[in-house]
Amino acid sequence: MIAVVGGGVAGLTAAHRLRALGAEVTVFEQAERLGGKLRTVDIAGTRLDVGAEAWLNRRPEAAALAAELGLATGHPTAARSTVHAGGSTRPLPGGTMLGLPADPAAVAGLLTADGLRRVEAESALAPLRLDGDTALGPLLRARFGDELTDRLVDPLLGGVYAGRVDRLGLRATMPPVAAALDAGATSLTAAARAVVRPSTGEPVFATPDAGMGALVDALAAGVEVRTGTVVRSLARAAGGWRLSLGAASPERALPEVTADAVVLAVPAPSARRLLADVVPAASAGYAEVELASMAVVALALPEGTELPGTSGVLVGAGERRSDGRPFAVKAFTYSTTKWGRGGPVLLRGSVGKLGDHGALRLTDPELVKAVRSDLADLAGVTAEPLDAVVQRWGGGLPQYGVGHADLVAGIEAAVSAVPGLAVAGATLHGVGVPACVGTGETAARRVAAHLGLAP
């Protein structure tokens, strides 16, 4: 038997691949449901994702897996995204790499005259040379100033990591830019110019028509699953592994199980705990990863409620409401507009960044009220919801800090020295669905090779 610890998309992908090779696989998940940060809920009689809602099409792993599983997928409409910065809401500029402009003219409408001059002058600054990794925020502020950093890059990366640009590392969050600098680009503008490509007209994002829950269900089909089960410890045993188990609720011990191999696809704190005795070096690496918490507030408004004709809005760092208070949300997704859906008008408000727990301390009703108030301030939408769902993701997003790539390389090297053990998940090579699928497939290949399973 192969034990897969963690029932998110990475663990389920590994289980799916191993089962297809004829292996007996059991997935152990401490929550009462599978999917990890993928969750599709019922709201006002329709379905809406309250975790990851789409994947990037330029990475092939998720799209290929969905096609293999026979899932019908769709793409967003042509509605543009916006950003609320400098006290007003404007179209999100194109021609950038996560906010780094290939041409300063691309961000002219978002910055003041002084801010634009800083961006235009960046390519004439002293040549930029990377020595290892560096914190992204301080680098951007030194080269471009604060406006571009706070008004564009921070909200874009905040949407990906629920983090702060000043705490994220360049190499892990913008690897193409780092590679361009390594290859000889002497400024961030030149590096962005080297990696930004003209639009091909192909959809940037995709998602299953039935929601991300359909991907979870398809991957779990035919796999033995034990939800509500905590793996308390992991130890080497004759010819394999011994897993000590407990029930999550009510808390109690369960009989131990043995496995021929183990895939750990769990968040960093759980990986740190489970690897502490068997792979101390990997455990120490996981211990260095910070986690951010966030929440998604989904609202269903009466059919016909008018939303802005955009796919959503990001909120720049430090932006304030018309009454001077800070926004509770970091972004709104106007789901009905973005995906071209009928029925109740659906939208999502995202709340929470690393180190900013103010709004997350509110009760669910208070959080809904705060998000509705921000919606009225940003978009003038005041309709009474037909339904609301609050999904909290406590410690849900790993932070890719300075040196993260080296940290992950150390974790994987330590684990690779232990036969019959593999790791996967969002901590490693990206927090998006394709990256997590990729780590699950890599883990499955490693375990299959160890057990001599034919590909």
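Every number here is computed from the coordinates shown, using simple stated rules; none is lab data. Since the model is a prediction, treat every value here as computed from it, not as a measurement. Virtual Cβ from ideal backbone geometry, glycine too; neighbours counted across all protein chains shown.
Brief remarks on what is shown
- Potential lengthening of the chain between R80 and M1 amounts to 23.6 nm, from the contour at 0.36 nm per residue minus the alpha-carbon distance.
- Amide H to amide H, with H built 1.01 Å from N, K37 comes under 5 Å of V9, counting only residues 5 or more places away or on other chains.
- Order by protection proxy (mean Cβ within 10 Å, highest first), peptides 412-420, 296-304: 296-304, 412-420
- When each of the peptides 421-432, 248-259, 112-123, 21-32 is scored by the mean number of other C-beta atoms lying within 10 Å of its residues, the order from highest to lowest reads 421-432, 21-32, 112-123, 248-259.
- Distances between placed amide hydrogens fall under 5 Å for E224 paired with V25, V27, all partners being 5 or more residues away or on another chain.
- Hydrodynamic estimate: the Kirkwood radius of the stretch 96-195 over Cα pairs, inserted into Stokes-Einstein at 20 °C and 1.002 mPa s, corresponds to D of 162 µm²/s.
- Going from the residue with the fewest nearby Cβ atoms within 10 Å to the one with the most, L264, L65, L130 rank L130, L65, L264.
- 13 Å beta-carbon shell around S293, net charge (K/R +1, D/E -1): +3
- Relative to the globular-protein estimate of 2.2 N^0.38 Å, the Cα radius of gyration of the stretch 291-398 stands at 1.02.
- Approximating the spin labels as points 7 Å out from Cα along Cα→Cβ, the S199-to-L130 distance works out to 2.8 nm.
- Computed over neighbours whose Cβ is under 11 Å from that of Q399, the net charge equals +1, Lys and Arg +1, Asp and Glu -1.
- In the chain, Rg over Rh equals 0.97, where Rg is the alpha-carbon radius of gyration and Rh the Kirkwood radius from pairwise Cα distances.
- Phi angles across the stretch 435-445 convert, under the Karplus curve 6.51 cos²θ - 1.76 cosθ + 1.60 with θ = phi - 60°, into 3J(HN,Hα) values of 5, 5, 4, x, 5, x, 5, 5, 4, 5, 5 Hz, Gly and Pro given as x.
- Coupling constants for the stretch 302-314 follow from the phi torsions by the Karplus curve (6.51 cos²θ - 1.76 cosθ + 1.60, θ = phi - 60°), and in residue order they are x, 4, x, 4, 7, 10, x, x, 10, 7, x, 9, 8 Hz; glycine and proline get x.
- Nearest-0.05 FRET efficiency for R361 and V418, computed from C-beta distance (R0 35 Å): 0.30
- Placing pseudo-labels 7 Å out from each Cα toward the beta carbon at R90 and A248 gives an inter-label distance of 4.5 nm.
- Net charge of Cβ neighbours under 10 Å - reference L243; Lys, Arg +1; Asp, Glu -1: +1
- Extension gain from A179 to A142, taking 0.36 nm per residue of separation minus the Cα-Cα distance: 11.3 nm
- Share, in percent, of DSSP beta bridges within the chain that are antiparallel, nearest 5: 75 percent
- Taking 0.36 nm per residue of sequence separation and removing the Cα-Cα distance, the E32/D323 pair yields an extension gain of 100.6 nm.
- Put simply, when 212-223, 68-79, 175-186 are sorted by average Cβ atoms within 10 angstrom per residue, most first, you get 212-223, 175-186, 68-79.
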